[in-house]
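The values are calculated or read from the model by the stated rules, or taken from the named source; none is laboratory data. It should be emphasised that the depicted structure is a prediction, and the values quoted were computed from it without experimental measurement. Counting neighbours? That spans all protein chains shown, and the Cβs are built from the backbone with ideal geometry, glycine included.
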Amino acid sequence: MKWTEKGFSLEKLNKYGTLFTVGNGALGVRGVFEEDYPEQVRGMFRAGIYNTPAGSTSAELVNLPDVTRCKITLDGNVFSMQNENITQFELFLNVKTGEFVRRLEWRSPQNRRYVLEFRRFASKKVQSLMAAKISVTPLSGDMEMKVETGIDGQQTNFGTQQLVELEARVFGANQMFAHYQTTESKQNVAILTTLSADAVFYAKNRQLTGELSFICKKNETVIFEKMTYVITSLDHETPAGAILLLPNENYEAVLKQSIQKWDDFWNQAGIQIESQNEMDQKLVSFALYHLEIMSPKKDSRLSIGAKGLTGEGYKGHVFWDTEIFLLPFILHHSPEEAKNLLLYRFHNLEGAEKKARDNGYKGALFPWESAFSGDEETPEFAAINIKTGKRQKVASALAEHHIVADIAYAVMQYFNATNDATFMKQYGAKLLRMTAEFWLSRAERLGEKWVIRDVIGPDEYTEHIDNNAYTNYMAHYNVAVAAKWNADFAPSCAEFLEKLYLPKPNENGIIPQDDTFLSKPVISLEKYKKEQGKQGVLLDYARSEVNEMQILKQADVVMLMYLFPALFDADIMKKNLVFYETRTIHDSSLSKAIHAIIANWCNEKALSYRFFEEACRIDFGDAPHTSDDGIHAASLGAIWLMVINGFAGVTVTQKGLELNPQLPDKWEKVQFNFVYLGETLHFTLTKRDISIRKSSDTPIHFNIFGKKYIVEKEIHVNLEEVPL
Ligand code: BGC
């Protein structure tokens, strides 16, 4: 399975850089080209290595020193793809093997022809190892080739230098070593690069470079490898010492080991789709690849940033994206990894309690954006509005409190899918209780009701409103499950649970998004919907004006219906889907996919499939620049949600597994594994039947279109026999 780009476009350099990132959950290396182009942004990231630069209040995922750059000089000419001098261009990421490959034929200004091949991957076996291999074949005559490459400490985060160079040295004729420390967080990063041929070294201005020379006969091939280890203080107390003990490796051997790990992943987490549109399979597999390379393995100090490890966007910060959009995929193929994501929140309870206290609340108020410490990292100001020249305040840290309940919701998702009572006893119940205590202090009595005022719901274009439906329902759920898991706490929750105002559908069947939303004027959003994702409405109107209109950035009530399908019947879902979608620009990448799921649940199959395709195009469409500063992690998680929760109709509730499949017209079959209650269920769904195979004999109960079934080892259901 390959994701291929034909034709080279300078316009898309940074989009390729993001899409073709190689990684393993710890390291992420952007799919940049070895040679330099002024607009190309290089990037290598290590999950958890953040730094708060001087003058800023917000930690940034550090863009580490670069090891990808190679200046290649062939018979005196510096190789570059500009000037339309390449043919046979092929650029692809092999998602099955995790290898990024570029092949091309280059014609020099003297009309000499060369075939070049560049390959790169991050080892899935050894998480600190990144490997690169370059092959060059001269076609027009014998060749003299020079390569300059090394460790480049001039790399910055959008211009900000995050590291102090502690040491830089070489060993023998082919090894370079550099050791850095982040300026504020004091994390150490050691890098060791081994070249497959002897070099002449020089060091200047934080750049350690090796220069290699080759002579090669016509039609023969020069092969050159560069193996790089990155060890940080997250891996070892003394990274510099540890890195020097690591073995020399060769590209093909390490690739082989890494592919074995990728095979394991695909066997467990792959989805097979038979569709008339062959892109569907590709898009889904590409999304799964990215989900896998962004997910930390075995390290509960880490979570997942909104751009994974693919770019500097959102400074590598962690949002509700992780719990609501990414965790379900991880939970149903690797529950241990999902548990670690929840432990990340548990370890950071202290910061959340502090944030609650500082704001006059009790319990735990988790930060809207977090990094390594769990402190609030949301920048105070967003980008300058270039029309007014003013900076807009970011209100999310002050009022986007639904993240607290999103985390509690994820704890329950984890428990419902695993029955892990030990986790609940040690961590889950406390997370539920601390988050619930926040809501008890956050809500206010208003006459007979309890209300939650001055919040921002998922729709960030509507700020500081009262009784956002999403927030209130989620808070109610949060407190209800906390009461269930903490018997001594239950009496304190009773009044809140009884009296918290939960907006119900009005006479037209519409659930008010908040107390005032429905009384605001409506404007045509045609212009902005055409350019969705670009937030153009904020150029035409100030945020305060957008706030006073019925304009949604992303799914809000629709999001609520997605998380609590049992509370809303199909008629209400459909009315709200239509009503709110008309008013939604989908400027957030978290929006379309959730609409696709609700549309499918309302039997709007064509609409659902259209949303599915559009949601997949957010990163994988043709438009240049859409993903320049990183992939939209949550939107990729939502591709899995669309397939599993949406089309396959698999959902897990407290009562068990529900199955309401509704495949798109173009799909003949979908097959996938789903880990549930400690075992792997293998699903095969067509429009006519459902087969489920289990790995053990322990009976599992579930409902197919509301009818109860028990599966022991295997079950085959003919859908024509199930009353709908
Ligand atoms: C969305 C948030 C999301 C964040 C990070 C924002 O544009 O409105 O819901 O958490 O991006 O993906």
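Could you tell me whether I191 is closer than 21 Å to D142 by Cα and in a strand (DSSP E or B)?
So I191 does not fit the description; no.
Take region 333-355 and flag every residue that is among the acidic types (D, E) and touching a residue at least 60 places away in the same chain (Cβ under 8 Å).
E353
Which condition number does N419 fail, the rest of (1) away from the ligand (no atom under 16 Å from the Cβ); (2) surrounded by 19 or more Cβ atoms within 10 Å (Cβ to Cβ); (3) under 29 Å from T653 (Cβ atoms) being met?
For N419, the failing item is (2).
Just one of D459, D466 is more than 16 Å from the ligand (Cβ to nearest atom) and either within 30 Å of Q535 (Cα to Cα) or not assigned by TED's automatic domain parsing to the domain that holds G533 (or both); which is it?
The unique qualifying residue is D466.
Which of (1) surrounded by fewer than 21 Cβ atoms within 10 Å (Cβ to Cβ); (2) of a type in the set (D, E); (3) modelled with pLDDT of 95 or more is the odd one out, the single condition E90 does not satisfy?
Only one criterion in (1) surrounded by fewer than 21 Cβ atoms within 10 Å (Cβ to Cβ); (2) of a type in the set (D, E); (3) modelled with pLDDT of 95 or more is unmet by E90, namely (3).
Scan region 688-699 and tell me whether some residue there is aliphatic (A, V, I, L, M), under 16 Å from S334 (Cα atoms), surrounded by 16 or more Cβ atoms within 10 Å (Cβ to Cβ) and touching a Leu at 6+ places or on another chain (Cβ under 9 Å).
no
Which residues, taken from region 607-626, are farther than 17 Å from M279 by Cα, more than 16 Å from the ligand (Cβ to nearest atom) and out of contact with any Ser or Thr (no Cβ under 8 Å at 6 or more places or on another chain)?
If the condition is that a residue be farther than 17 Å from M279 by Cα, more than 16 Å from the ligand (Cβ to nearest atom) and out of contact with any Ser or Thr (no Cβ under 8 Å at 6 or more places or on another chain), then L607, H625 are the ones that fit.
Could you check region 170-188 and list, in sequence order, the residues that are closer than 11 Å to G210 by Cα and part of a strand (DSSP E or B)?
Hits for region 170-188 are V170, Q175, M176.
Just wondering, is there one or more residues in region 271-279 that are surrounded by fewer than 18 Cβ atoms within 10 Å (Cβ to Cβ) and over 29 Å from the mean Cα position of the chain (by Cα)?
No, region 271-279 has no match at all.
Going by the structure shown, is A132 hydrophobic (A, V, I, L, M, F, W, C), touching a Pro at 6+ places or on another chain (Cβ under 6 Å) and surrounded by 20 or more Cβ atoms within 10 Å (Cβ to Cβ)?
So A132 does not fit the description; no.
I'd like to check which strands (runs of 3 or more DSSP E) are fully inside region 1-88 and have at least 3 residues that are without any contact (Cβ under 8 Å) to a residue 12 or more places away in the chain.
none
For the list (1) of a type in the set (F, W, Y); (2) at positive phi; (3) in contact with a helix residue (DSSP H, G or I) (Cβ under 9 Å, 6 or more places away or on another chain), I need the number of the one condition that Y314 fails.
Unmet for Y314, out of (1) of a type in the set (F, W, Y); (2) at positive phi; (3) in contact with a helix residue (DSSP H, G or I) (Cβ under 9 Å, 6 or more places away or on another chain): (3).
For residues that are touching a residue at least 40 places away in the same chain (Cβ under 8 Å) and away from the ligand (no atom under 13 Å from the Cβ), scanning just region 376-397, find the one that is farthest from A542 (Cα to Cα).
The qualifying residue farthest from A542 (Cα to Cα) is E380.
Before we move on, is A382 outside any loop (DSSP other than H, G, I, E, B) and surrounded by fewer than 23 Cβ atoms within 10 Å (Cβ to Cβ)?
When the stated conditions are applied, A382 passes them.
Which pairs do you get when a residue that is more than 24 Å from K605 (Cβ to Cβ) and in contact (Cβ under 8 Å) with a residue 60 or more places away in the chain, found in region 624-651, comes within reach of a residue that is more than 13 Å from the ligand (Cβ to nearest atom) and among the acidic types (D, E), reach meaning Cβ atoms under 6 angstrom, with the pair 6+ apart or on two chains?
P624/E11; D629/E312
Would you check which residues across region 682-714 are closer than 22 Å to Q654 by Cβ, not polar (S, T, N, Q) and not in a loop (DSSP other than H, G, I, E, B) and list them?
F683, I692, K694, I700, H701, F702, I704, K707, K708, Y709, I710, V711
Of (1) touching a Lys or Arg at 6+ places or on another chain (Cβ under 6 Å); (2) more than 16 Å from the ligand (Cβ to nearest atom), Y414 satisfies all except one. Which?
Against the list (1) touching a Lys or Arg at 6+ places or on another chain (Cβ under 6 Å); (2) more than 16 Å from the ligand (Cβ to nearest atom), Y414 comes up short only on (1).
Within region 385-494, considering only helices (runs of 4 or more DSSP H) that don't extend past its boundaries, which have at least 1 residues that are closer than 19 Å to K339 by Cβ?
The helices (runs of 4 or more DSSP H) meeting that bar are 402-418, 429-442, 469-485.
Among what's in region 582-606 and is aliphatic (A, V, I, L, M) and under 24 Å from N508 (Cα atoms), pick the residue that is farthest from the ligand (Cβ to nearest atom).
That would be A599.
For region 386-441, what are the residues that are closer than 16 Å to Y470 by Cα and in contact with a strand residue (DSSP E or B) (Cβ under 9 Å, 6 or more places away or on another chain)?
Scanning region 386-441 gives A399, E400, H401, H402, W439.
Which members of region 582-605 meet the condition of being aliphatic (A, V, I, L, M) and in a helix (DSSP H, G or I)?
A593, I594, A596, I597, I598, A599
Has region 204-222 got any residue that is under 23 Å from S128 (Cβ atoms), out of contact with any Gly (no Cβ under 7 Å at 6 or more places or on another chain) and either at pLDDT below 95 or assigned by TED's automatic domain parsing to the domain that holds T149 (or both)?
The answer is no, given that none of the residues of region 204-222 is under 23 Å from S128 (Cβ atoms), out of contact with any Gly (no Cβ under 7 Å at 6 or more places or on another chain) and either at pLDDT below 95 or assigned by TED's automatic domain parsing to the domain that holds T149 (or both).
Identify, please: which residue in region 102-136 is among the hydroxyl-bearing types (S, T, Y) and part of a strand (DSSP E or B) and is, among those, farthest from T149 (Cα to Cα)?
Y114
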